[in-house]
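The next block holds one structure in the form of structure tokens; read it before the comments.
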Amino acid sequence: MCDVDVDCDFTITSTPGFPLVLPAGNSVEVEITFTPSAVGAQEAFLNIVSNDAYPPGDNIFIPLSGWGVDASVDPGELMATVIAFFDESVSGGSIAGSGPGNSAAGRLKAFGNMLKASSDLIEAGAYDLACTQLQDALNRTDGGTPPPDFVTGDSADELAAMIMEVMDALGCL
């Protein structure tokens, strides 16, 4: 928890000024920008101190939540690099679909779609959903079962490491 006079992960970006005293029955809208300094899912509280007679001296805590990302890297650019690597590896033959019969081609296509969906979620700022999608993609290229891998080949380990790098930047791991 922090005070408006202290460095916080949130800023109050619109308000009539502090300290703010409101007559009984009035209200004010306050706009807050929450920018977590740590990666991954983060929470904070905005503390509003009240001098109301009932309950006397009560504090009101408003929960804030957000998703922090590593500011030193652009997860969208990392994801674009992963997709380019995947496409080049498929074209070069160092990554192929995994599975019996005709399922290998379908799994390879599905894996590519998982990477594209992850990229779209990152672009939309839906980092928690991107983490879920990336974890599923990682599980499909890690050599372990279950679930079954969708890709195989000489570059599969490098692809898995690149996915983990994106996940780390997003705070998924």
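So which residues in region 90-106 are within 16 Å of D157 (Cα to Cα) and within 30 Å of the chain's Cα centre (by Cα), if there are any at all?
V90, S94, I95, A96, G97, S98 - these are the residues of region 90-106 that are within 16 Å of D157 (Cα to Cα) and within 30 Å of the chain's Cα centre (by Cα).
Having 1 or more residues that are modelled with pLDDT under 95 and among the hydroxyl-bearing types (S, T, Y) is the bar; report the strands (runs of 3 or more DSSP E) wholly within region 13-129 that clear it.
31-34, 59-68
Conditions first: (1) closer than 22 Å to D74 by Cα; (2) free of Cβ contacts under 8 Å to residues at least 24 places away in the same chain. S103 passes all but one, so which condition is the exception?
(1)
Every residue in region 138-168 that is of a type in the set (G, A, S) and closer than 15 Å to L78 by Cα, please.
Selection gives A160, A161.
Against the condition surrounded by 13 or more Cβ atoms within 10 Å (Cβ to Cβ), within 15 Å of I163 (Cβ to Cβ) and of a type in the set (D, E), how does D120 come out, does it pass? If you could, list the steps in order and put the result at the bottom.
Working: surrounded by 13 or more Cβ atoms within 10 Å (Cβ to Cβ): yes; within 15 Å of I163 (Cβ to Cβ): no; of a type in the set (D, E): yes.
No, not satisfied.
Tell me whether region 129-142 contains one or more residues that are over 29 Å from E43 (Cβ atoms) and of a type outside the set (S, T, Y).
yes
The values are calculated or read from the model by the stated rules, or taken from the named source; none is laboratory data. Quick caveat: nothing in here was measured; it's all calculated off a predicted structure. Because the Cβ atoms are built from the backbone with ideal geometry, glycine has one as well, and the counts that use them run over all protein chains shown.
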